[in-house]
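Novice: Attaching a single structure in structure tokens format; questions to follow.
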Amino acid sequence: MTEPVVRIPDAKVALSTASVYPESTATAFEIAARLGYDGVEVMVWTDPVSQDIEALRRLSDYHGVPVLAVHAPCLLITQRVWSTDPWVKLQRARNAAEKLGATTVVVHPPFRWQRSYAREFVRGVWRMEHETDVRFAVENMYPWRYRDREMLAYAPDWDPTTDDYRHFTVDLSHTATARSDALEMVDRMGDRLAHVHLADGNGSAKDEHLVPGRGSQPCAELLERLAVAGFDGHVVVEVNTRRAMSAAERETDLAEALAFTRLHLASPTRVPGS
């Protein structure tokens, strides 16, 4: 029997609900279903639906779109979502993931002013990993920059590969903002890379989250490398569509991002006789 020309890994391609902002979490499920995404990653933020497990379950069932990951509320704008205690936030994210059938919780390193949380973060994440089958995938961030000044806002580090975690998330918009080498970071993560936030960037001080292929990051190269390795985690399209002039333009951007991801998330195989 002739082998296929390409091999598609088991990785699922999901849409982050953040990708439709300022539209709602409910809209993200609708768009993901219409465009053919394999699932969604729920960004827990100020939208009440994103915080409501039963509402999310109903959306998932109605649209036939599974929740593959939950992004814990660890942004500046979500400091009071699901408690002001960061450990409670992670516990609630884990509970949401378990009840929704998601395999991954995405979490950022602590802010430096969260001193107690930062001191215990590495040990605490390991402890929580041992309490559940849900993976806690720590995401790379970046230094904050203003003109010629740089502020290290995260602790223990914005680069999680400097510490020992069981699972990582790599975000290519963040590698652009950090002006770090994305593929070198992925090499350091090794087989602990469990989750990908796919977006692009040009090295601006702002976290751009461009549609993949519109910036300078090695989005295609990373996907092709994951395909060759048989990556079985999730690839999540997490792009900024706030400047879209219409719902149709936003959907076109998200369709382009999905097509790019599916195109490059494939590994060529040897054709007999070649």
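The values are calculated or read from the model by the stated rules, or taken from the named source; none is laboratory data. Just so we're clear, the structure is a prediction, and the values are computed from it rather than from any experiment. Cβ placement follows ideal geometry from the backbone for every residue including glycine, while neighbour counts extend to all protein chains displayed. To get the accessible areas, we keep the full protein, side chains included, count just its heavy atoms, and leave off ligands, DNA and RNA. Shrake-Rupley method; radii C 1.70, N 1.55, O 1.52, S 1.80 Å.
Novice: Under the Karplus relation 6.51 cos²θ - 1.76 cosθ + 1.60, θ = phi - 60°, what is the ordered set of whole-Hz ³J(HN,Hα) values for segment 186-197, x standing for Gly and Pro?
Specialist: 4, 4, 5, 5, x, 7, 8, 5, 10, 7, 10, 9
Novice: For residue 171, what residues show an amide H to amide H distance below 5 Å, using hydrogens built from the backbone and excluding near sequence neighbours?
Specialist: Hits under the 5 Å cutoff: 140, 197.
Novice: Then there's this: Springs between alpha-carbon pairs under 10 angstrom, Gaussian network model over the chain: which of 248, 55, 26 fluctuates most?
Specialist: Between 248, 55, 26, it is 248 that shows the largest mean-square fluctuation.
Novice: Could you work out what % of the accessible surface of the chain is carbon and sulfur, using a 1.4 angstrom probe and leaving DNA, RNA and ligands out of the count?
Specialist: Using a 1.4 Å probe with all protein chains present, the chain comes out at 50 percent carbon and sulfur.
Novice: Enumerate the lysines that residue 89 could reach by cross-link, defined here as Cα to Cα under 18 Å, with residues fewer than 8 away along the same chain left out.
Specialist: List returned: 99.
Novice: State, as an integer percentage, the relative contact order of segment 122-274 based on alpha-carbon contacts under 8 Å between residues 6 or more apart.
Specialist: RCO, segment 122-274: 18 percent.
Novice: Nearest 5 percent is fine: what portion of the DSSP beta bridges confined to the chain is antiparallel?
Specialist: Numbers: 7 of 36 bridges.
Taking every DSSP beta bridge within the chain, about 20 percent pair in antiparallel fashion.
Novice: Would you work out which of 247, 65, 50 lies farthest towards the positive end of the dipole of the chain? Charges go on Cβ: Lys and Arg +1, Asp and Glu -1.
Specialist: 50
Novice: Put +1 on the Cβ of each Lys and Arg and -1 on the Cβ of each Asp and Glu in segment 77-163; which of 79, 108, 158 then has its Cα farthest toward the positive end of the dipole?
Specialist: 79
Novice: Under a point-charge model restricted to the Cβ atoms of Lys and Arg (+1) and Asp and Glu (-1), what is the dipole moment magnitude of segment 54-147 relative to its Cα centre, in debye to the nearest 20?
Specialist: Roughly 500 debye, rounded to the nearest 20.
Novice: So what are the ³J(HN,Hα) numbers for segment 139-152, from phi and the Karplus equation (6.51, -1.76, 1.60; θ = phi - 60°), rounded to whole Hz, Gly and Pro as x?
Specialist: Along segment 139-152, the couplings run 9, 5, 10, 6, x, 7, 10, 9, 6, 9, 10, 10, 10, 8 Hz.
Novice: Something else about it: Evaluate the charge dipole of segment 1-124 about its Cα centre and quote only its size in Debye, nearest 20, assuming +1 on the Cβ of each Lys and Arg and -1 on the Cβ of each Asp and Glu.
Specialist: It works out to roughly 580 debye.
Novice: Normalised by the number of residues in the chain, what is the relative contact order in percent for Cα pairs under 8 Å and 6+ residues apart?
Specialist: Computed value for the chain: 22 percent relative contact order.
Novice: Next question, about the same structure. Relative contact order (percent) for segment 159-218, with alpha-carbon contacts under 8 angstrom and 6 or more residues of separation?
Specialist: Computed over segment 159-218, the figure is 37 percent.
Novice: Which value, in debye to the nearest 20, gives the size of the charge dipole of the chain about its Cα centre, when Lys and Arg are +1 and Asp and Glu are -1 at the Cβ?
Specialist: About 500 debye.
Novice: Leaving out ligands and nucleic acids, note down the accessible area per residue over the chain with a 1.4 angstrom probe, in whole Å².
Specialist: Each residue of the chain exposes 47 Å² on average to a 1.4 Å probe.
Novice: Okay, moving on. For a quick check, take a GNM of the chain with Cα springs below 10 Å and name the residue from 148, 47, 133 with the largest mean-square fluctuation.
Specialist: The residue that fluctuates most here is 148.
Novice: Hey, what do the phi angles of segment 66-78 turn into as Karplus ³J(HN,Hα) couplings, whole Hz, using 6.51/-1.76/1.60 and θ = phi - 60°, x for Gly and Pro?
Specialist: Calculated HN-Hα couplings, in order: x, 8, 8, 8, 10, 8, 4, x, 10, 8, 4, 6, 10 Hz.
Novice: Report, in deg cm²/dmol and to the nearest 500, the calculated mean residue ellipticity at 222 nm for the chain, where each DSSP H run with n ≥ 4 adds -39500 (n - 2.57) and the sum is divided by the residue count. Let's see the in-between values first.
Specialist: Working: 8 runs with 96 residues, N = 274.
The helix-only estimate for the chain comes to -11000 deg cm²/dmol at 222 nm.
Novice: By accessible area of protein heavy atoms, probe 1.4 Å, what ranking do 261, 132 get, highest first?
Specialist: Per-residue accessible area, sorted high to low, gives 132, 261.
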